[in-house]
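Have a look at the structure below before the remarks.
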Amino acid sequence: MAHPGAWSTQQLAEFLAAVSSFDGEASAALGAVERAAEALDAEVVAIVRGGHVVASVGYPAGGAPAADLEAVARGVSHQLAVPGAGVCPATAVPLEYPPGATLILARSGSERLGPEEISLLHGMARATSLTMGMLRLLDDERSLRAKADRQAIEVGRLLARLTERQSKLEWLANEQAALRRVATLVASGVPDEQVFAAVAEGVSRVASADIVQMLRYEPDGSAVRVAAWDPQSQRLQIGARVPASELALQIAAPVVVEGRLWGVVAAVSTRPEPLAADAEQRVADFTELAATAISNAHARAELAASRRRVVTAADDVRRRIERDLYDGTQQRLVTLALKLRVAHDTVPDDLPELRDQLAPIEEELASLLDEIGEISRGLHPAILSKGGLGPAIRALAGRAAVPVALDVAVPERLPESVEVAAYYAVSEALANASEHANASAVEVHLEVVLGNLLVHVRDDGAGGADPGRGAGIVGLRDRVEALAGTMVLTSPLGEGTSMLIELPLGRG
Ligand SMILES: Nc1ncnc2c1ncn2[C@@H]1O[C@H](COP(=O)(O)OP(=O)(O)O)[C@@H](O)[C@H]1O
Ligand SMILES: [Mg+2]
């Protein structure tokens with residue numbers, strides 16, 4: 001040691017190096033008091049703050065006299081009772097950090113600290129303040145960073161949850177779309193097979209199943225496959241019979257139609273993991289739609305059958321009236337007309353008044369016969385039964401009050417109910433064209449296309465036909481639909497009227 005100043009600078013440097021190597025405030029404080037005691041050969045060194053001992057050396061563990069130390073810190077006292085050394089002079093140096101803390105040193109012997117020692121103690125106090133302040137900053141930063149990390153984790157978790165929600169939402173939207181598709185098919189009354197196929201596909205989606213089949217139970221306990229979703233192997237045949245014993249199913253939702261167990265929708269996953277727990281409920285939504293479609297189809301079929309019965313019964317009645325008119329009334333009137341002619345011819349020449357009276361009666365009778373002929377033709381034209389649709393339509397066109405352009409290309413005979421419906425359709429359309437349309441021309445077109453008879457009648461009249469205002473078009477539609485046909489009426493005001501009818505030949 002060259003001189004005391006260099007000596008204390010060296011010591012201060014060592015002190016700073018030692019104290020700053022601690023990584024916590026408490027351990028740094030303890031290190032600081034230990035090093036200070038060593039450097040200045042003191043019995044006691046302590047740091048106090050607000051009546052609380054932050055760190056101390058020279059007292060038994062937990063035995064530092066806080067009140068005495070505080071008194072020295074506040075300058076009230078300048079000595080301390082030191083264990084094993086009696087009362088010793090004490091020196092206090094305030095610390096900048098922690099705020100309000102004081103470094104206290106007590107050394108035995110009467111000798112007070114020299115100026116070099118005092119300045120070393122001050123240097124140590126500054127080094128301690130610096131270190132502890134820095135550690136606090138580091139600590140704060142560490143906890144801030146930990147907090148930031150925690151927040152990052154939390155944000156990550158939130159993001160994950162959001163993503164999960166989103167995919168759940170997409171999943172739900174998907175399910176919704178599949179359900180809507182099936183519901184739309186049900187509502188539009190497409191054939192059951194189309195609904196069933198959509199159900200099978202929809203179920204595969206919502207249940208994440210690889211194979212889905214829809215089976216209708218037969219009375220013998222077996223089942224018939226009515227729809228299948230099996231894109232990988234495509235081995236499930238529609239219409240095939242499935243013995244009950246063969247049905248090893250992962251989930252199965254019953255199809256209940258009007259309270260009766262109609263069939264089942266079965267979904268299978270070929271992957272090892274089981275299907276989702278709520279898959280069954282999801283599948284149930286689809287099977288409900290399928291059941292609705294089935295019961296709608298029943299209702300439609302029953303309605304069509306009952307319409308067919310009504311139309312057929314009405315046709316029978318018309319035919320009977322026509323026969324009665326033709327065989328009975330008309331024949332009698334013809335006989336009467338003949339008798340009248342004979343009477344007319346045998347009236348003596350000297351009774352001209354009588355002859356004059358008979359003449360109008362004869363005319364009346366002739367027009368009555370015409371009228372009855374007209375009526376019976378309208379009821380059930382004999383020409384339709386005898387010659388088929390072509391000649392009957394030509395006869396209609398010939399009698400029409402409006403010029404008719406005919407384009408009839410149909411087989412000689414078609415199913416009777418189809419011929420009758422087509423005949424009434426053309427007859428009604430021609431009557432409307434002359435009664436309501438004020439048309440100058442009508443086109444009539446008949447043709448068989450893909451197993452359907454197409455009947456198209458178009459006039460160039462006023463348009464604005466409204467089935468609600470009469471009975472003709474409504475009755476016609478009933479008749480057409482009873483035969484599972486369709487009718488499209490287009491009649492914009494001022495643009496004429498078009499009536500397009502399609503009648504399937506299969507069910508005639
Ligand atoms: N070709 C047509 N052109 C213009 N209006 C028509 C035509 N056909 C029908 N209409 C209108 O639609 C109504 C309904 O027709 P319809 O059902 O045949 O009953 P009806 O002929 O017994 O009045 C008619 O009363 C008429 O006002
Ligand atoms: Mg009419």
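Quick look at the values:
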item: Gain in span if fully extended, residue 233 to residue 10, counting 0.36 nm per residue against the direct Cα distance; result: 71.5 nm
item: Mean Cα-pair separation over length for the range 214-355, i.e. relative contact order, pairs under 8 Å, 6 or more apart, %; result: 15
item: Cα long-axis angle, helix 416-432 against the chain (0 to 90 degrees, to the nearest 10); result: 90
item: Cβ-defined net charge surrounding residue 405, 13 Å radius [Lys, Arg +1; Asp, Glu -1]; result: -2
item: Total formal charge among the other residues, if their Cβ is under 11 angstrom from that of residue 239, Lys/Arg +1 and Asp/Glu -1; result: +2
item: Other-chain or far-sequence residues with amide H under 5 Å of residue 448's (modelled H); result: 454
item: Within the range 250-339, GluC sites (Glu not before Pro) in DSSP loop having at most 14 other beta-carbon neighbours inside 10 Å; result: 258
item: Percent RCO, i.e. relative contact order, over the chain, from Cα pairs under 8 Å lying at least 6 residues apart; result: 7
item: Paramagnetic reach from residue 416 in the range 478-508 [backbone N under 20 Å; point 7 Å along Cα→Cβ]; result: 479-485, 503-508
item: The range 23-119: GluC sites (Glu not before Pro) falling in loop per DSSP and having at most 15 other Cβ within 10 Å; result: 96, 111
item: Sites residue 281 and residue 258 - FRET efficiency at Förster radius 25 Å, r taken between beta-carbons, to 0.05; result: 0.70
item: Label-point separation in nm, residue 119 to residue 299, each point 7 Å along Cα→Cβ; result: 10.8
item: Residue 138/residue 87 FRET efficiency (R0 51 Å; Cβ-Cβ; nearest 0.05); result: 0.80
item: Between 0 and 90°, nearest 10: helix 472-482 axis offset from the chain longest Cα axis; result: 70
item: Partners for residue 168 among lysines (Cα-Cα distance below 30 Å; same-chain residues under 8 apart left out); result: none
item: Distance (nanometres) between label positions extended 7 Å along Cα→Cβ at residue 493 and residue 168; result: 5.6
item: Inter-probe distance in nm under a simple model that places probes 7 Å from Cα toward Cβ, at residue 372 and residue 355; result: 2.8
item: Residues listed by number, the range 485-507, amide nitrogen under 17 Å from residue 409 label point at 7 Å toward C-beta; result: none
item: Rounded to 10°, Cα long-axis angle of helix 331-346 versus longest principal axis of the chain; result: 30
item: Calculated from backbone phi, Karplus (6.51, -1.76, 1.60) coupling profile of the range 206-214 in Hz, x at Gly/Pro; result: 6, 9, 6, 9, 8, 10, 10, 9, 10
item: Loop GluC sites (Glu not before Pro), the range 126-170, which have at most 10 other Cβ atoms in a 10 Å radius of their Cβ (DSSP); result: none
item: Under 13 Å, Cβ to Cβ, from residue 192 - net charge with Lys/Arg +1 and Asp/Glu -1; result: +1
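Only the coordinates and a few stated rules stand behind these numbers; no lab work does. Predicted, not measured: the structure shown is a model, and the values here were computed from it. Positions of Cβ are generated from backbone atoms using ideal geometry, with glycine treated the same way; all protein chains shown enter the neighbour counts.
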